[in-house]
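Just below is one structure, and these are the notes that go with it.
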Amino acid sequence: AILSLVFMGRVTINYNISDYLDDSTETKISLGIINEEFGSTGNIQVMIEDIDLDTANTVRDTLASLENVLTVSFDPYSEGSYKDGKALFVVLVNGNEYSAEGRAVFEAVKGALDTQFAGKIHYGGAIVEKMLLRGAIEGEIPFILVISVCLAIAIMLLTSKSWLEPFIL
């Protein structure tokens, strides 16, 4: 128990389920080919409300200048990118949705835009979704642990002959 407590913070969690595939499967081989040909990329979607075209073009240039950003997709003449004063930027990141580079780019995007567009900015995309999922899982683990320990103690109280035995175990 003491060793578990000491090393608990050093345990890493691999959220990338493709790492668990056997190397001989077609999916793993295909992912390897895609990674060799195009590199490992992820994306961040940024939508800003109440923005004019000139400001949107400035935001696109700001996002494109960030480190580890490969491209920023924004076409001011397409309804898929700009409609009713709302602009959608798709930031392609040099790093997949599980990488430290992807998380760093997301933090850089938030740092560059959150103060200027407070309350008018929304994020999406693979990198953001995986970060939210990771945060939710890490936040729920202590709750799950408490419930598990309480259930184990309750079961032992019901099935043992002594009241003290479950707490010793």
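The values are calculated or read from the model by the stated rules, or taken from the named source; none is laboratory data. No experiment lies behind these values; they were computed from the predicted model shown. With ideal geometry, Cβ positions are generated from the backbone for all residues, glycine too; neighbour counts draw on all protein chains shown. Heavy atoms of the whole protein, side chains included, go into the accessibility calculation; ligands, DNA and RNA do not. Shrake-Rupley method; radii C 1.70, N 1.55, O 1.52, S 1.80 Å.
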(Q) Given the options G32, G102, name the one that is exposed (fewer than 15 other Cβ atoms within 10 Å of the Cβ) and not in a strand (DSSP E or B). (A) G32
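Can you tell me which of T58, T27, T71, T62 is assigned to a strand (DSSP E or B) and open to solvent by 40 Å² or more (accessible area, probe 1.4 Å)?
Numbers: T58 fails: assigned to a strand (DSSP E or B); T27 fails: assigned to a strand (DSSP E or B); T62 fails: assigned to a strand (DSSP E or B).
Criteria check complete, one pass: T71.
Scan M8, M47 and give me the residue that is within 23 Å of the chain's Cα centre (by Cα) and surrounded by fewer than 13 Cβ atoms within 10 Å (Cβ to Cβ).
Result of the check over M8, M47: M8.
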(Q) Please go through region 76-92 and give me each residue that is open to solvent by 30 Å² or more (accessible area, probe 1.4 Å), under 27 Å from R103 (Cβ atoms) and free of Cβ contacts under 8 Å to residues at least 40 places away in the same chain, ordered by number. (A) G80, K86
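Do you know which residues across region 50-61 are touching a Gly at 6+ places or on another chain (Cβ under 7 Å) and at negative phi?
Narrowing region 50-61 to residues touching a Gly at 6+ places or on another chain (Cβ under 7 Å): 50-51.
Once the filter is applied, which keeps residues that are touching a Gly at 6+ places or on another chain (Cβ under 7 Å) and at negative phi, region 50-61 yields only I51.
With the condition kept exactly as written, say whether any residue in region 76-89 is within 15 Å of the chain's Cα centre (by Cα) and either of a type in the set (D, E, K, R) or part of a loop (DSSP other than H, G, I, E, B) (or both). Give the steps one after another, and end with the answer.
Kept after step one, since they are within 15 Å of the chain's Cα centre (by Cα), are these residues of region 76-89: none.
Taking every residue of region 76-89 in turn, none turns out to be within 15 Å of the chain's Cα centre (by Cα) and either of a type in the set (D, E, K, R) or part of a loop (DSSP other than H, G, I, E, B) (or both).
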Q) What number of residues within region 35-55 satisfy the criterion of being outside any loop (DSSP other than H, G, I, E, B), acidic (D, E) and modelled with pLDDT of 90 or more? A) 1
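Filter region 133-169 down to the residues that are under 30 Å from I48 (Cα atoms), open to solvent by 50 Å² or more (accessible area, probe 1.4 Å) and either modelled with pLDDT of 90 or more or among the small types (G, A, S) (or both) and list them by number.
Listed by number, the list holds a single entry, G139.
Give the residue, chosen from M8, M47, that is touching a His at 6+ places or on another chain (Cβ under 8 Å) and either more than 30 Å from I168 (Cβ to Cβ) or free of Cβ contacts under 8 Å to residues at least 60 places away in the same chain (or both). Break it down into steps so the answer makes sense when it comes.
Working: M8 fails: touching a His at 6+ places or on another chain (Cβ under 8 Å).
One residue alone meets the criteria, M47.
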